[in-house]
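A short write-up of the structure that comes next.
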Amino acid sequence: MIKKYNLINFLILNLANLIYCKLPYRPVVIIHGVLTGSESMELISSRIQEMHPGTQVYNTPRYAGWNSLEPMWHQVEQIGEDVMAIAAAYPEGIHLLGYSQGGLVARAILQRYPEHNVRTFISLSSPQAGQFGTKFLRLFFPDLVCETAYELFYSRVGQLSSVGNYWNDPYEQKLYMKYSKFLPFVNNEAKSLNTTLFKAALTKLNKMVLIGGPDDGVITPWQSSQFGYYNNNATVVDMREREIYQTDAIGLKTLDNEKKLTIHTVAQIPHFMWHKNISIVDKYILPYLD
């Protein structure tokens, strides 16, 4: 009886190992941040392949450098076509990861292409609720200050830049809703023919992972990486206290209730190190890539 039991256990264990070995990790598509390119995401790409051998990683080269300032919808359309072509080759599903501006591009791709088969979406320090800080903007707008940036961004010319598309001035919400051609729509603050699809596209995810932290220094407020944002008094309101969550405008509450929304707050990581820190990859990215 003991020998028979041990034999059965042996067969089950080896069968499980055999099945496990035949199941490859799902492909991962990576989208870089503003003013950089695919080379900036190589550490994440190589670490995924090192720790999950055999994983197909697609590190998009599109809209690198100054081209990353092209309007957000242009980037969503072009990179989105690439993502959907990759997804079509893997009917079992893929994972999507975006860093900084790339995380917002990635999220909008999901909404623009609701037929996607993305299982896990990882947003790495991305301005999901908008941006109201000028630290990195002074690289190309040297005289820009928060108080008057809306004069540029909430204009026809300003909306030709990616940053203008997600500039969210808490003191100028009427102008934001009037002029912004991107963020109010993907956040379903402004209603459109796609409102229902935009929500359905996110709630079909198996997992949404939002990563950010208080020492970011660029994403402002840093809580924007987790859908928190300023109210009209410039007081930061966490995601679950905001209207976008409470009305379930884009499905955040649904994902949360179904245990599909995970939030990681990590201290002592400046913005330009999130994608260059192996411990971030190991602790907060790899566990979600099956």
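Read the figures in this text as sums done on the coordinates, not as results from a lab. Note that the structure is a prediction, hence the values are computed from the model and not measured. For neighbour counting, all protein chains shown are included, and Cβ atoms are generated from backbone atoms with ideal geometry for every residue, glycine included.
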Subject >> Residues satisfying the stated conditions in the range 52-89, i.e. out of contact with any Ser or Thr (no Cβ under 9 Å at 6 or more places or on another chain), surrounded by 15 or more Cβ atoms within 10 Å (Cβ to Cβ) and small (Gly, Ala, Ser) >> reply: 80, 87
Original post:
Applying the selection to the range 178-223, what residues are in a loop (DSSP other than H, G, I, E, B), within 15 Å of the chain's Cα centre (by Cα) and among the polar types (S, T, N, Q)?
Top reply: 187, 206
**OP:** Assess whether residue 105 counts as being hydrophobic (A, V, I, L, M, F, W, C), touching a Ser or Thr at 6+ places or on another chain (Cβ under 8 Å) and on the phi < 0 side of the Ramachandran plot.
**Re:** no
Subject >> Residue satisfying condition, being within 30 Å of residue 231 (Cβ to Cβ), out of contact with any Pro (no Cβ under 9 Å at 6 or more places or on another chain) and not hydroxyl-bearing (Ser, Thr, Tyr), within set 128, 78, 159, 101 >> reply: 128
**OP:** Go through the range 270-283 and count every residue that is out of contact with any helix residue (DSSP H, G or I) (no Cβ under 9 Å at 6 or more places or on another chain) and farther than 15 Å from residue 126 by Cα.
**Re:** 2
**OP:** Say whether the condition of being under 27 Å from residue 45 (Cβ atoms) and not charged (D, E, K, R) is met by at least one residue in the range 227-240.
**Re:** yes
**OP:** Might you check whether a residue that is within 23 Å of residue 161 (Cα to Cα) and small (Gly, Ala, Ser) occurs anywhere in the range 248-268?
**Re:** no
Original post:
So which helices (runs of 4 or more DSSP H) are wholly in the range 62-166 and hold at least 2 residues that are farther than 14 Å from residue 181 by Cα and in contact with a His (Cβ under 9 Å, 6 or more places away or on another chain)?
Top reply: 72-88, 101-112
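Conditions tested, residue by residue: (1) farther than 23 Å from residue 145 by Cα; (2) in contact with a Pro (Cβ under 9 Å, 6 or more places away or on another chain); (3) not acidic (Asp, Glu).
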| residue | (1), (2), (3) |
| --- | --- |
| 195 | yes, no, yes |
| 228 | no, yes, yes |
| 241 | yes, no, no |
| 251 | yes, no, yes |
